[in-house]
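A short worksheet on the structure shown next.
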Amino acid sequence: MGDHGVLTGDSARARSIRAMFGRIARRYDLMNAVITFGRDRAWRRAAAAAAAVPPAGRVLDVATGTGVLAEEVLRRAPRAAVIGIDFAMPMIRAGMAARRAPRLRWCLADALVLPFPDDCFDAVLSAFLLRNAGSLEHAIEEQTRVVKPGGRVVCLESSPRRPGPLRPAARWYMHRVMPLAAALLAGDAPAYRYLAESTAAFLPPESLAQALERAGLRLLSIRTFMAGTVALHTAVKPGEAPRP
């Protein structure tokens, strides 16, 4: 579901995740549309709006995947300069083939060691990155480091379903229906079983908000979508941006 991952060193897990997303790159956007009933674009539009990018701002999209979120940012701020980083070269190639955006620059990079100086972006966004990170804390700390004071960090992420009457249906959909759809459309059911399992093991929205605050960010809002299975966190780095 959505943009995905992060280099986590040369561990077996990192290599497995990188290979998995490389395998599904060509059908990635199609699968996202199918498994979210076409809502994934709306969530990314909400994330782009939450970033409050200045008209000619500098933006970093971490784990850009095929660049859908970066594209939404540029639709709102056509004069912005956006860098999209990802750890899977097949995803970058798929994105470059699908999107003709001269103000989007692609970069193969590690979200745990961002190759940028401190305080250099007006906004940093990620979609469906954090649950894949080898270190959640380091991923958030790096985003906090590179965003300017007064700039926003926006995280769109899948969330474990809260206990309630809809939880069994949500579990059935994620653990049964999504892998079946993936097998039929992308030929890779394990990739979407991984999505279900990593979502179930991830933090609920309130705990993720606390992780953002521990990194030095100030939480502005939490929005949830799709019966609480997707959460959008918006936070700001305290302080004022330095004058040019």
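A few notes on this one:
- Remark: the chain carries a charge dipole of roughly 700 debye about the Cα centre, counting +1 on each Lys and Arg Cβ and -1 on each Asp and Glu Cβ.
- Part-to-part distance (alpha-carbon centres) for the range 21-48 and the range 188-244, which is given in Å: 17 Å
- Placing unit charges on each Cβ (+1 for Lys and Arg, -1 for Asp and Glu) gives the chain a dipole about its Cα centre, and among G134, P102, I85 the Cα reaching farthest toward its positive end belongs to P102.
- Per residue, the convex hull volume that the Cα atoms of the range 1-130 enclose (Å³): 95 Å³
- For the chain, the residue among L232, N32, L220 whose Cα projects farthest onto the positive side of the dipole built from Cβ charges is N32.
- Simple label model, 7 Å out from Cα along Cβ direction - A200 to D119, nm: 4.6 nm
- The chain, relative contact order [Cα under 8 Å, separation at least 6], %: 21 percent
- Residues whose amide H falls under 5 Å from that of A111, counting only those 5 or more places apart or on a different chain, are L7, with hydrogens built in the peptide plane.
Coordinate-derived values only; no laboratory data. All values derive from a computational prediction rather than experimental measurement. FYI the Cβ positions are ideal-geometry reconstructions off the backbone, even for glycines, and counts take in every protein chain you see.
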